[in-house]
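To start, the structure under review is shown below, and the notes come after it.
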Amino acid sequence: MKLAKFCAGLAVAAAMAVPGGVAAATVKVGVVATYSGNGAQFGEQITRGMELYIKQHPEAFGGHEVELIKRDSKHPGGDVAKTMVQELITRNGVAIVAGFVFSPNAMASAPLVTQGKVPMVIMNAGTAWIPTLSPYIARVSFSMWHAAYPMGAYAFEKLECKTAAIGYSDYPPGKDSLQAFQMGFEKAGGKVVEALPMGSPAEVPDFTPFFQRVKDADPDCFYVFVPAGNHAAAVAKTFNDLGMKDAGIRLIGPGDITQDTKLQDMGDDAVGMITMGHYQADYPNAENQAFVAAWKEAYGEESTPDFMAISGWDGMAAIAHAIKTQDGELTPEGTMNALKGWTFASPRGPITIDPDTRDIVMNMHVVEIVKDGDRLKTQVLDTIPQVKDPCKELKVGRCGE
Ligand code: PHB
């Protein structure tokens, strides 16, 4: 009798995969990212980061499963992303939407996640004020101000740049970068001598006329924000082609322009470039070495993660935390509460989601491009610990809302 009862108990326990006694759930997560066209590589990096986390950390989900439903937002216009988010919420019934490479795609989708009460985990889109658009948005990537504002002071104080030019892609994260760098640089005592909008994020423009104008203005530093990928590769090429390094101009910017996936194509004139960012594959800490090794094992020795991959990885860890703490039964408020204040030992270093702003807090590193044999490498020069988005700290414009 006793034995029979014991055996029956075992069978029930085996049917329930979850220790707490709740049946294992499959949580649907919509991933909206660019998988085609000029930004195709971004969607691949983010998704690979997410999938690698799932593969390496099945235990992090508390016995539950996650199903990724991927949708191609195609371009930065916002319209396709919005349609995809609408479908994911109404037809697929996702509990969370994630991804969002380009800022306009996150902005256009924000009202939908508010109406549908579906938490949005942003894994790239960097315009500072995006999280103010909905209480259901949390960001695990960065704000453009994380890099641009401290880089303003760093350029003046450490790089001894007294004058600077700023070049930016002409859309919200570019305008953010302009404002943030200019404020940081001028507060420190520098003077901005040129500020140039340089075309759209959708197509790579010919940067030559813009860079020629900067060369003629002869600033000490040239701060550039363009989307990573093909835009960033073209920036390094134009800088090389016009001989701007020899002309004594220092190319600086956010880590977007020293993205790991493009680094080896950047040419020798990129040596000496200095950027402020939150992730490079060369970071020597143990978590990152393990992450890069796992990445290469999964995706090939020639493949490298970059700053978009790390947001996919960290974002998936944040989603796993939300699933585990709610035991697979997700509610919008439960998910947002799990995300607020979440901390994690990321390969980029320790990160937290600020519970007040739902934006990331992380270390920012100044890196220099150096030559190591035939390879270009990023070497950390300086670290600013645990930076909160300066736009919200300083309550600038829409960040103060
Ligand atoms: C953005 O649209 O917010 C964006 C895109 C690419 C980047 C950074 C920011 O490299």
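The values are calculated or read from the model by the stated rules, or taken from the named source; none is laboratory data. Every value quoted in this text rests on a predicted model; they were computed, and no experiment measured them. In this analysis, Cβ positions are derived from the backbone assuming ideal geometry, glycine residues included, and neighbour counts consider all displayed protein chains. Just the protein is used for accessible areas: all its heavy atoms, side chains included, with ligands, DNA and RNA removed. Shrake-Rupley method; radii C 1.70, N 1.55, O 1.52, S 1.80 Å.
Things worth noting here:
- Criterion (outside the structural domain of Met336 (by TED's automatic domain parsing) and open to solvent by less than 20 Å² (accessible area, probe 1.4 Å)) met by exactly one of Phe181, Phe156: Phe181
- Given (1) assigned by TED's automatic domain parsing to the domain that holds Thr127; (2) without any contact (Cβ under 8 Å) to a residue 12 or more places away in the chain; (3) not charged (D, E, K, R), number of the condition Gly400 does not satisfy: (1)
- Taking the stretch 87-114 as the range and being buried (at least 24 other Cβ atoms within 10 Å of the Cβ), part of a helix (DSSP H, G or I) and more than 15 Å from the chain's Cα centre (by Cα) as the test, the residues that pass are Leu88, Ser109.
- Residue within the stretch 369-381 that is aliphatic (A, V, I, L, M) and assigned to a helix (DSSP H, G or I) present: no
- Identity of the residue in the stretch 115-141, of a type in the set (S, T, N, Q) and open to solvent by 10 Å² or more (accessible area, probe 1.4 Å), that ends up farthest from the ligand (Cβ to nearest atom): Gln115
Every residue, every condition in (1) modelled with pLDDT of 95 or more; (2) within 16 Å of the ligand (Cβ to nearest atom); (3) more than 28 Å from the chain's Cα centre (by Cα); (4) more than 26 Å from Tyr149 (Cβ to Cβ), yes or no:
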residue: Phe207; (1), (2), (3), (4): yes, yes, no, no
residue: Phe211; (1), (2), (3), (4): yes, no, no, no
residue: Val226; (1), (2), (3), (4): yes, yes, no, no
residue: Asp246; (1), (2), (3), (4): no, no, yes, yes
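- Arg250 vs. criteria in contact (Cβ under 8 Å) with a residue 60 or more places away in the chain, in contact with an Asp or Glu (Cβ under 7 Å, 6 or more places away or on another chain), open to solvent by 50 Å² or more (accessible area, probe 1.4 Å) and of a type outside the set (Ser, Thr, Tyr): yes
- The sole residue among Tyr283, Tyr299 that is aromatic (Phe, Trp, Tyr), under 30 Å from Ile137 (Cα atoms) and modelled with pLDDT of 95 or more is Tyr283.
- The listed residue being touching a helix residue (DSSP H, G or I) at 6+ places or on another chain (Cβ under 6 Å), of a type in the set (S, T, N, Q) and crowded, with 22+ Cβ neighbours inside 10 Å, out of Thr304, Thr275: Thr275
- Condition check for Ala320: away from the ligand (no atom under 16 Å from the Cβ) and either of a type in the set (S, T, N, Q) or open to solvent by 10 Å² or more (accessible area, probe 1.4 Å) (or both): no
- The listed residue being out of contact with any helix residue (DSSP H, G or I) (no Cβ under 9 Å at 6 or more places or on another chain) and over 25 Å from Thr304 (Cα atoms), out of Thr132, Thr127, Thr26, Thr90: Thr26
- Yes/no for Glu203 being assigned to a helix (DSSP H, G or I) and either away from the ligand (no atom under 14 Å from the Cβ) or open to solvent by 60 Å² or more (accessible area, probe 1.4 Å) (or both): no
- Test: residue in the stretch 387-398 that is modelled with pLDDT of 95 or more and in a strand (DSSP E or B): yes
- Residue, farthest from Gly255 (Cα to Cα), within the stretch 172-199, restricted to residues that are touching a Ser or Thr at 6+ places or on another chain (Cβ under 7 Å) and within 16 Å of the ligand (Cβ to nearest atom): Gly199
- Ser36, sole failed condition from (1) surrounded by 14 or more Cβ atoms within 10 Å (Cβ to Cβ); (2) under 21 Å from the mean Cα position of the chain (by Cα); (3) at pLDDT 95 or above: (1)
- Within the stretch 155-171, tally of residues that are within 16 Å of the ligand (Cβ to nearest atom) and more than 22 Å from the chain's Cα centre (by Cα): 0
- Subset of the stretch 38-50 (residues that are of a type outside the set (A, V, I, L, M, F, W, C) and touching a residue at least 40 places away in the same chain (Cβ under 8 Å)): Asn38, Gly39, Gln41, Gly43, Gln45, Thr47, Arg48, Gly49
- Within the stretch 341-372, the only residue that satisfies the criterion of being open to solvent by 60 Å² or more (accessible area, probe 1.4 Å), farther than 22 Å from Arg139 by Cβ and not basic (Lys, Arg) is Asp372.
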